[in-house]
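What follows is a short report on a single structure.
Quick note: the coordinates plus some simple rules give every number you see, no bench work behind them. Given the structure is predicted, the values throughout are model-derived calculations rather than measurements. Positions of Cβ are backbone-derived with ideal geometry, glycine not excepted, and every protein chain shown enters the neighbour counts.
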Amino acid sequence: MLGSYLYSWNIRYPIWFTAAAMAGAAAVSVFFREPTVSPHRLTWQEEKTLFTSSLREIADSRALLFLVALIVVADTGARIVLVHNSLYYQELSIPVVWFGWVGVGVRLITSVVSKNAYRVDRTLGFMASSMWMLGLMSAGLWGMAAMIPYYGIAFVPVVTSGMYFLTLTVEGEINRRISSERRATVLSLKNMALNVAFAAGMPLFAAASRSGLHNGFRFLAAVFTVSSLLLVLSSRWLWKSDEEAS
């Protein structure tokens, strides 16, 4: 909220304020001390073996491939939205001073969704809840592409809540299917896939937005919808039953 007010005065103020906060956090972190020392120390060769075996485990499992593809689609679409939310708010004619309040409202909604993610997942089942969430995110992206003044802001928490929901449930499924000694490595590989997809998606979104931000969001909505449909159509082949996985 403070950042939006600072931005309304001068674009440099929130940048310097953030830099000062980061410098303070860095200074505090210097005094952190690890309370315990792990007895597990791997050699470079053992780390390489752990990496390659974890990568092979993902490649050999249809369920894990599906989980990674699912979160790549959801995360990339939502993260591109989050990066451009200020530009989107401007297109909706929302005053800059209200950006912070809007951000707080979106976060409150996503926190409620995240808190109840596992409850919904248990009630509907992982696959059903994931497919519903992809559908809601797709509808939210098309709503954002319409660029409805003021009221278009309602679609932002739909998209971001979907990302947080799927992040929690997908990681829960990965944790359930991976042994503890490989869990961190597999999740790191998943995060690497997310960053690669985001890095590839940003230039494409920028190119589509050259003729207007609305065209960028239409492009994003179309790619997301097609990708979601492919996930739905391939889910029966990719997704293993719990009995097979166990």
In sequence order, calculated HN-Hα J values of region 80-97 (Karplus, 6.51, -1.76, 1.60; Hz; x Gly/Pro): 5, 4, 4, 5, 9, 5, 5, 5, 5, 4, 5, 5, 8, 6, 8, x, 4, 5
message: If N is the number of residues in the chain, what value comes out of its Cα radius of gyration divided by 2.2 N^0.38 Å?
response: 1.15
query: Each residue of region 163-172 in turn: what ³J(HN,Hα) in whole Hz from Karplus with 6.51, -1.76, 1.60 and θ = phi - 60°, glycine and Pro shown as x?
result: 5, 5, 4, 5, 4, 5, 6, 5, 5, x
- prompt: Mind ordering 79-92, 108-121 by average Cβ neighbours within 10 Å, highest first?
  reply: 79-92, 108-121
field: Lys, Arg +1 and Asp, Glu -1 on Cβ, resulting dipole of the chain about Cα centre, debye, nearest 20
entry: 200
statement: Mean separation of Cα contacts under 8 Å (at least 6 apart) over the residue count of the chain, i.e. the relative contact order in percent, is 29
message: Under a Cβ-only charge scheme (Lys and Arg +1, Asp and Glu -1), can you give me the dipole magnitude of region 166-233 about the Cα centre, in debye to the nearest 20?
response: 40
statement: Protection proxy (average C-beta count within 10 Å per residue), highest first, orders 159-172, 94-107 as 159-172, 94-107
- prompt: Between Ile109, Ser8, Ala146, whose Cα lies farthest towards the positive end of the dipole of the chain when Lys and Arg beta carbons carry +1 and Asp and Glu beta carbons carry -1, centred on the Cα centre?
  reply: Ser8
field: Dipole-positive endmost among Met133, Gly162, Val186 within region 122-227 (Cβ charges, Cα centre)
entry: Val186
- prompt: Put a dot 7 Å past each Cα toward the Cβ at Ser180 and Thr18; how far apart are the dots in nm?
  reply: 3.9
message: Relative to 2.2 N^0.38 Å, what does the C-alpha radius of gyration of region 85-182 come to as a ratio? Two decimals please.
response: 1.26
query: For region 96-198, what's the relative contact order in percent, using C-alpha pairs closer than 8 Å and at least 6 residues apart?
result: 30
